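The structure under discussion appears below in the form of structure tokens.
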Amino acid sequence: MVECVICLETAKKPVKLPCKHQFCGECFEGELHGNICSIDLSTFIDLRLTYIAHSLAGWRSKYVVSADAITDVSERQCPCCRATIPPSKEQVSILKATRSLKQTCEERGDQNTPDYRQICEDLKKIEAQIGKDWDGVTVLEEETTEQDVVMPGYIAHKRDLKTFMRWFDAANPAKLDRANARLPDGMRSIPLLTFAIMMPSNIDLMRFLMQRGADVNKRSASGATPLSAVCEMGDSVNSALDHNQALEAAKLLLSWGANYVDDPSSMGSKQCCILRAQAQRNNELVSILQSELCGRRCELVDLSSRSELNGRTCVVEEYIKTSNQYVVTVEGRKEEMIFVSPDNLKRRDRTRDDCGYYIEFKNGRFIRKDFDSKDEYKAFLSSMNRDEQPAIDPNAEAKAEQAAADLLAELGIEDDVTEKKAKTQSNNKGKKSKNKKKGKKGKK
């Protein structure tokens, strides 16, 4: 059992410094966010990082550093032994991403633009916050943090759906959680669900990932959530979404239980999401975000006029202020739009066991099947699992040989293999003819 040196109790979500001292995650974060450290009486402040690519003013790293960290690295020290505290993983990720942005601008010859000058300013601040004495390797991490799967950068750059799906399906679900993978540090450690927003067939890909366990509230190194990423897209420069797609993506995330970050200065806060949607002039999305239930998935309850719909799920489309009613779409194979009062709605977020549909990727496209009830969905999953039992394929050997031949052809070495195969066949024929001649002489 590890004891926290701050609260003197068993450490919860322990943070271990390179100097081997360990703290509760909350105790350590509280010490660094407070005004005075109770152990060494040093003063701390909340350092705020900025990131030009996504206007991250106000976001703060989980593990901040001391008041004079920008000018005096010696102040970033362990509360016990005064050993220097290394930068957090989030800070290092932003450092790499900002350096990558700077290099991209330089390769394009954009050194005279305002964006380039801002990137240089941000880079100086981040490098100062991390400190010149950083060894470039050591980072501050929670002892219990599991390593996320990192998607190869070339797949992210290619943005090809089939390539992405081949990589995703190659994993063993019992060992690797690729639904919650991240992009490399140089690409801001964006979660896969956020990256899916920028992919072809983005809405279906998002459904596919969440159905397989993607965390709808997983944050990037910059503090952005999938919902906040959607809010700043839509008819902007180089945007992957238009207004309608951004609206559909936001409603999808909300139906899966996307939540806002409590800190009003965070990118993922409700205020920041609304401001970003307003900046994109997406008025419909702004209305969705301002409402309590719009975009959410709910269960219909206490409907007297349509009692047969009680227990069914729906997606809230719009709030009518004059009549205090919501416009909802009843889910199922036959969708239906009705008006209900707020008292007839009970929030029921989608989950892996109750999402109302099943989506799979076959023959280069997504196929979706809708269900009228949770029981019907579970019955379908059970039958599908039974059907997936391995069966003996009489043509398995031939298929394996063909797959191997295709792979060799793709690698460009089929000519060598064909030549060797031809030589082997000719040698075999020669041996057979010699055996036949010997057999004839024996008979004579």
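Throughout, read-outs are computed from the coordinates displayed, never taken from laboratory work. Note that this is a predicted model, so its numbers are computed, not measured. Every residue, glycine among them, receives a Cβ derived from its backbone with ideal geometry; neighbour counts consider all protein chains shown.
Using DSSP to call loops (not H, G, I, E or B), can you name the GluC sites (Glu not before Pro) in region 285-379 whose Cβ has at most 16 other Cβ atoms within 10 angstrom?
Details: sites: GLU292, GLU299, GLU308, GLU317, GLU318, GLU331, GLU335, GLU336, GLU360, GLU376; in loops: GLU292, GLU331, GLU335.
Qualifying residues, ordered by number: GLU292, GLU335.
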Calculated FRET efficiency, SER341 and GLU376, Cβ-Cβ r, R0 35 Å, to nearest 0.05?
0.80
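Need the full-extension length gain, ALA171 to ASP242, defined as separation in residues times 0.36 nm minus the C-alpha distance. One decimal, nm. Please list the in-between numbers first.
Values: separation 71, 0.36 × 71 = 25.56 nm, distance 3.24 nm.
Result: 22.3 nm gained on full extension.
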Restricting to Cα pairs below 8 Å that are 6+ residues apart, what does the relative contact order work out to for region 263-368? Please round to a whole percent.
18 percent
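Can you tell me the length gained on complete extension of the stretch THR163 to GLU3, counting 0.36 nm per residue apart and subtracting the Cα distance? Write down the numbers at each step before the final one.
Numbers: separation 160, 0.36 × 160 = 57.60 nm, distance 4.71 nm.
Taking THR163 through GLU3 to full extension adds about 52.9 nm, to one decimal.
Could you order the peptides 158-168, 216-226 from most to least packed, using the average number of other C-beta atoms within 10 Å per residue? Let's see the in-between values first.
Working: 158-168: 14.8, 216-226: 24.5.
The peptides rank, most packed first, as 216-226, 158-168.
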Once you list every other residue whose beta carbon is under 11 Å from the beta carbon of GLU299, what net charge do they have if Lys and Arg are +1 and Asp and Glu are -1?
+3
Pair LYS13, LEU275: separation of 7 Å Cα→Cβ label points (nm)
2.5 nm
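Can you classify region 282-368 as rounded, prolate or oblate using the Cα gyration tensor, where a ≥ b ≥ c are the square roots of its eigenvalues, rounded means a/c under 1.5, and otherwise it's prolate if a/b beats b/c and oblate if not? Write out the running numbers ahead of the final one.
Details: a/c = 2.25, a/b = 1.39, b/c = 1.62.
Judged from the Cα gyration tensor, region 282-368 comes out oblate (a/c at least 1.5, b/c at or above a/b).
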